[in-house]
Amino acid sequence: MLTSTDVEVRKPPCEEEIRAQLQRIITSTEFPNVGRGAAFLSYIVEESLAGNANRIKGYSIALEVFKRDVNFTQDDPVVRIQAGRLRRVLERYYLTAGRTDPIRIDIPKGGYAPVFTWSAPPSPELDGEQTEPAHWAMRYLPPNQEWWLPGWRTISGIAAAAFILFGGAYWVSTLPSVAPATETTVIGPDVPAIVIAPFADLGEGPQAKLYTLGLTEELLTTLPRFKEIRVFGRETSNSLTPDADIRHVRDQVGARYLLSGGVRVSGDHMRVTARLVDTDDGAILWSQNYDNKLGSRDLFAIQADVAGQVATAVAQPYGIVAQADASRPPPDDLGAYECTLNFYAYRTELSPERHAHVRDCLESAVARYPTYATAWAMLSIVYLDEGRFQFNPVAAAVSPLDRALQTARQAVQVEPGNTRALQALMNALFFTRQPEEAIRVGERAMAINPNDTEFMGEFGALLNLAGQWQRGAGLLDNAIALNPGGGGFYRGSRALASAMLGDHQRAVREIRQTDLQKFPIFHLVAAMIFAEAGMEADARSAGELFVRMRPAFMPNVVEEMKQRNMQPDDQARFLAAMRKAGMPVPATAEPVPGASFEASEIEAP
C-alpha cells in the first residue's frame, strides 16, 4: 500500500523536454538505424504531443510511416511487427545508453500511443535515507486526464537483476543481427536499407559452395562503402536462405531492398546472377548476369570484380536504389534522405534554382542529424558551388569557400572513411588553393571506394584542372561507362579533356551531348571547345551566353583560372580561345602560376 511519503507531485515533462528525449533516443548508438524505427517513434510522439493520442491507429501508422496505400488492411502485419520491435529496442536503450536519462518513452502493449514518464527522482531531497535508485514515473496522459505519480521505495535486487538478465537476453535474441562494424557507425536518417541473402549454389563440384560464400562475403564488404545506403551485417545475411521470403525480409528484418542471386559453375566457367528486389511489392528492379572463365585469372580477383560491378550498379549515386527512391518520394517529406536525392538531382543540371533549395534542405538536415556525415559533405559541396559559381551568394562573415572547407572537415571528423566526405574535403582544399593536399585526399578516397562514380567523375575533373588531362580523361571515361545516367558534368569535363588532348571531333560530340544549359561554366567550356575546333559562330554564341550569365567573370578571368589551379600553359590556351570567341578578355590578361606544385608531384603511384 502506498503512503504519502511514496508519492510526490511533480510537473509533467513539457513538450520541449519530450522532444529532447526523443532526439537522445533516435541519435543514440544503442538505437539501431534499421527499418523505419526512428520515423515510427517520431510519428507517434508528435501525434501525442499534438493531442491526437486517441487517433494513433495501425492504419494511420501504415500510411504515414510505412507508406502503404489506402487499401491497407490488418492482414498486413507490418505495424504490429515493427511496434513489437520498437518496444524491444526501447527496453534495450533504457538498460544501456538511456539508463540515466530523465524521461522514459514507452509504448504499452495493446495500442500504439506512447507514454512519457520521469525515470529519476526530481531531487535528492525526496528521500534522504534512500541508498538505492528508486523508480519515479510521471505519465503524460491524453488531455482532460489526471497526472499521477506512483512510486516504489525499494525494488528487490534479485528481481531487478533477473529483469536485466532475462530482459536483455530476450532483446538481444529478437533483434536482427548486425555485423561488427569495420568502419565508423554513424547514426543518421532513415535511408534505404539493403540485406544480402546468401547467394545460391547452382554449380557442380566441391568448390561451388566456396565460390558462393566468397562472393557473398565480398558483397558484404563492398556495398557498405556507399554511405547513402545502409547494409545489414553478415549475421543478418547468414540468417537468411538464398530464397528468402520477401515478406519476412520486409516485416521482420526491416530491409527495403533484397539483393540475392546465384553462382553456377560448370567446368572452368562461372556465371553469377544478381537481382535487386523491392520488398514492398516483390518487383525485380534490376538483374544482371556476369560470366567469367575460372582459369583466366585468380578467383579472388573475379569475386572482387563481380562484387564491385554489382555494388556500383545498385548503390552508387544515380544508381538503381537512388532511381527507385526518387520515383516515389514520400508526400510532403523533405527529410534528410530526400535531401540527398535532391542533391544528386541538382548535380545533374547545376542550376542556381535547385542550388538554393538543396542548400536550405541540407542545412536543415545537418541541424536534425549532426552525425550524418553524408549530409555535411553534400552541404560542403553546395557551399563550394556558392563560391566558385556564384550561386545564390549570402552575406556572411565567413566566405563560402571557407565555409565549404569547415563543413567538409566536419564531415570527415564525423566519419573519416565516408567517400562523400573525402570528396567534399578534396574539393574544398583544391579551391582554397591547397592542390597537393587535395590530390592526396583524392587518392585516399579512391583507395577506399574505387567503385563510386560520383567521386570518380569529380576526381577526374580536378585532375584535369591540375594539368593531368590524360589521367583525368581516363577516370571520366570509367565514370561514364559505369554510370551513363550520372551527372552531366562527367561529359562536360570529358569534352574539355578531349579538347585539351587535341581530339576536337570528340570534344564537340561530347559537349553537344552534355545537357547543362542552366550552368554558366558549361557555356564557357563550350565556347573554348568550339573556338579551338574552328566553329567560330558557335563559339561566339556560347561566349555571349556565358557573359550574360556571369558578367563579373571576365574582368577577373585570370584570378578565376588561378583559383582553379590551372597550369600556365592551360591558362594561355583558354585566354586565346576566349579571344577567338569574341569574349571581352582584358588586354592585360596574361597567364600566371595557378598552383604551387608541378604536375609530376601528384601523379598516381
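Descriptive notes on the structure:
- For the range 13-71, a tally of residues being closer than 13 Å to Val89 by Cβ and either acidic (Asp, Glu) or without any contact (Cβ under 8 Å) to a residue 40 or more places away in the chain (or both) returns 1.
- Selection within the range 450-483 - among the hydrophobic types (A, V, I, L, M, F, W, C) and in contact with a Pro (Cβ under 7 Å, 6 or more places away or on another chain): Ala466
- The set of residues from the range 530-554 being within 39 Å of the chain's Cα centre (by Cα) and open to solvent by 50 Å² or more (accessible area, probe 1.4 Å) comprises Glu544, Leu545, Arg548, Met549, Pro551, Ala552.
- In the range 561-572, of all residues being charged (D, E, K, R) and buried (at least 18 other Cβ atoms within 10 Å of the Cβ), the one that is farthest from the chain's Cα centre (by Cα) corresponds to Asp570.
- Which listed residue, of Leu405, Leu465, Leu429, is under 24 Å from Gln390 (Cβ atoms), of a type in the set (A, V, I, L, M) and out of contact with any helix residue (DSSP H, G or I) (no Cβ under 6 Å at 6 or more places or on another chain): Leu465
- Top-ranked residue in the range 88-108 [being at pLDDT below 85 and out of contact with any Ser or Thr (no Cβ under 9 Å at 6 or more places or on another chain); ranked as least open to solvent (accessible area, probe 1.4 Å)]: Val89
- Scanning the range 393-417 for residues that are buried (at least 17 other Cβ atoms within 10 Å of the Cβ), over 27 Å from Ala20 (Cβ atoms) and out of contact with any Leu (no Cβ under 6 Å at 6 or more places or on another chain) yields Pro400, Leu401, Arg403, Leu405, Arg409, Gly417.
- Candidates Ala356, Ala311, Ala304, Ala345, filtered to the one that is at pLDDT 70 or above, closer than 25 Å to Ile196 by Cβ, open to solvent by 20 Å² or more (accessible area, probe 1.4 Å) and part of a helix (DSSP H, G or I): Ala304
- Qualifying residue in the range 470-493 (condition: touching an Asp or Glu at 6+ places or on another chain (Cβ under 6 Å), within 29 Å of Arg420 (Cα to Cα) and buried (at least 22 other Cβ atoms within 10 Å of the Cβ)): yes
- Within the range 247-295, tally of residues that are basic (Lys, Arg) and crowded, with 21+ Cβ neighbours inside 10 Å: 2
- Residue match in the range 514-527 (condition: open to solvent by less than 40 Å² (accessible area, probe 1.4 Å), part of a helix (DSSP H, G or I), farther than 17 Å from Leu350 by Cα and touching a residue at least 12 places away in the same chain (Cβ under 8 Å)): yes
The values are calculated or read from the model by the stated rules, or taken from the named source; none is laboratory data. Only a predicted model underlies this, so the values are computations on that prediction, with no experimental measurement involved. Cβ coordinates were reconstructed from backbone atoms using ideal geometry, including for glycine residues, and neighbour counts include every protein chain displayed. Calculation scope for accessible area: heavy atoms of the full protein, side chains included, ligands and nucleic acids excluded. Shrake-Rupley method; radii C 1.70, N 1.55, O 1.52, S 1.80 Å.
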